[in-house]
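For reference, the structure is listed below as structure tokens.
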Amino acid sequence: MFENTNYPKAKKYWYEGKFYDWASPVAHLMTHALHYGTSVFEGIRAYPTDKGPAVFRLKEHIDRFEHSADVARMKMPYTKEQIIETIKLTMRENGMQSAYIRPLLFYSYGNLGLVPKACPVELLVAVWEWGAYLGEKADKGVSSYIVPWRRIHHSQLDMKAKLGGLYILSTIAGLIAREKNCDEAIFLNLEGNVAEGPGENLFVIKKGILKTNDRSESILEGITRTSLLEMAKDMGLKTAVGPITRKELFGADEAFFSGTAVETTPVVQVTDGSDAGREAKTYTIGNGAIGPITRQMRQAYQDVVRGKIARYAKWLTLVNE
């Protein structure tokens, strides 16, 4: 019934203690999360290493998974240790050497009132092979579009949580960007500063300083973002954390997105459509090509996740261990 065309090499998924063939549906159409977005999730990647497949920063992802569940008032039906072992088991069951990993907790079938008083919380774990999130352009640089809709503000909700329902905002922004013939969107926050992409954090580089923002700018502080900041300092690069204005973005020497799916992807062009009443204006970032610091960070990140730098072995969980 369901082909795995868009989920390469996916054979089976784990759901509530059992493996099911990828084509087998198990959820009822009246599942609470399908109607109201009452779910929390993580996006995690595993990479091939000399010691077999390894998951990047798995513990940190599951720590955030638990926090998201708390914010959504979900009682976790499994311990963090059980979820980690389930992820490793699902990787092995599918014979994956590299994979995108999706654990999902959601309010399942019960009642359809806004308060899911009769809906159990259930867990899904799925894995598949996923290449560059933004396609082949990820190696050369992508274009982005600043959408007129602002990012949800940090005063409205705990921005440390990955809540399924909130991602309709990201879907809308991504569709707008592509309607404008751009590869990805960028949100501003209510203060008018640069926030983040629909599923990515943003870095700008000016005069050798690598800068990103934090939760006070209404972003999800990504695990990839945090890793890159630590790596940059270890590499002797200057870093800064603080608000990023549109002027800073437009005038940057380099810029790139970061995130589990997007990894590190250079941004070489930005179109400012933040004011729907004005004609959008396009800016070239730097010389319009991937810059040297971005290239350096991209290579370092790929080396880290593949276990080639010993000091970061602490960030890797071996699937077959």
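The values are calculated or read from the model by the stated rules, or taken from the named source; none is laboratory data. This structure is a prediction, so every number in the text was calculated from the model and none was measured. Positions of Cβ are generated from backbone atoms using ideal geometry, with glycine treated the same way; all protein chains shown enter the neighbour counts.
Condition check ((1) part of a loop (DSSP other than H, G, I, E, B); (2) under 25 Å from F187 (Cα atoms)) across all residues:
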{"site": "L112", "(1), (2)": "yes, no"}
{"site": "V125", "(1), (2)": "no, no"}
{"site": "E136", "(1), (2)": "no, yes"}
{"site": "W149", "(1), (2)": "yes, yes"}
- Query: From the list D183, D139, which residue is under 18 Å from T264 (Cα atoms), modelled with pLDDT under 95, among the charged types (D, E, K, R) and out of contact with any Gly (no Cβ under 7 Å at 6 or more places or on another chain)?
  - Reply: D139
- Message: Which residue is surrounded by the fewest Cβ atoms within 10 Å (Cβ to Cβ), if the candidates are limited to region 208-267 and must be more than 20 Å from the chain's Cα centre (by Cα) and charged (D, E, K, R)?
- Response: K247
- Can you confirm whether region 260-267 contains a residue that is small (G, A, S) and not in a helix (DSSP H, G or I)? yes
- Unique residue being in contact (Cβ under 8 Å) with a residue 60 or more places away in the chain, over 30 Å from R92 (Cα atoms), part of a strand (DSSP E or B) and among the hydroxyl-bearing types (S, T, Y) when the list is T294, T317, T271: T271
- Here are some conditions: (1) under 20 Å from E16 (Cβ atoms); (2) surrounded by 19 or more Cβ atoms within 10 Å (Cβ to Cβ). Y145 meets all but one. Which one does it not meet? (1)
- region 104-125 residues that are of a type in the set (S, T, N, Q), paired with ones that are in a strand (DSSP E or B) (beta carbon under 9 Å, 6 or more apart): S108/V121; S108/E122
- Item | Selected residue (criterion: farthest from I87 (Cα to Cα)) from residues of region 302-316 that are within 19 Å of the chain's Cα centre (by Cα) and surrounded by fewer than 20 Cβ atoms within 10 Å (Cβ to Cβ) | Q302
- Task: With respect to L105, determine if the residue is in a strand (DSSP E or B), touching a Leu at 6+ places or on another chain (Cβ under 7 Å) and buried (at least 22 other Cβ atoms within 10 Å of the Cβ).
- Result: yes
- Restricting the search to region 245-259, which residues are among the hydroxyl-bearing types (S, T, Y), over 13 Å from V194 (Cα atoms) and not in a strand (DSSP E or B)? none
- Task: Hey, can you tell me all the residues within region 189-227 that are among the basic types (K, R) and not in a loop (DSSP other than H, G, I, E, B)?
- Result: K206, K211, R215, R225
- Query: Just for region 25-61: of the residues that are assigned to a helix (DSSP H, G or I), surrounded by fewer than 20 Cβ atoms within 10 Å (Cβ to Cβ) and not charged (D, E, K, R), which one is farthest from the chain's Cα centre (by Cα)?
  - Reply: H35
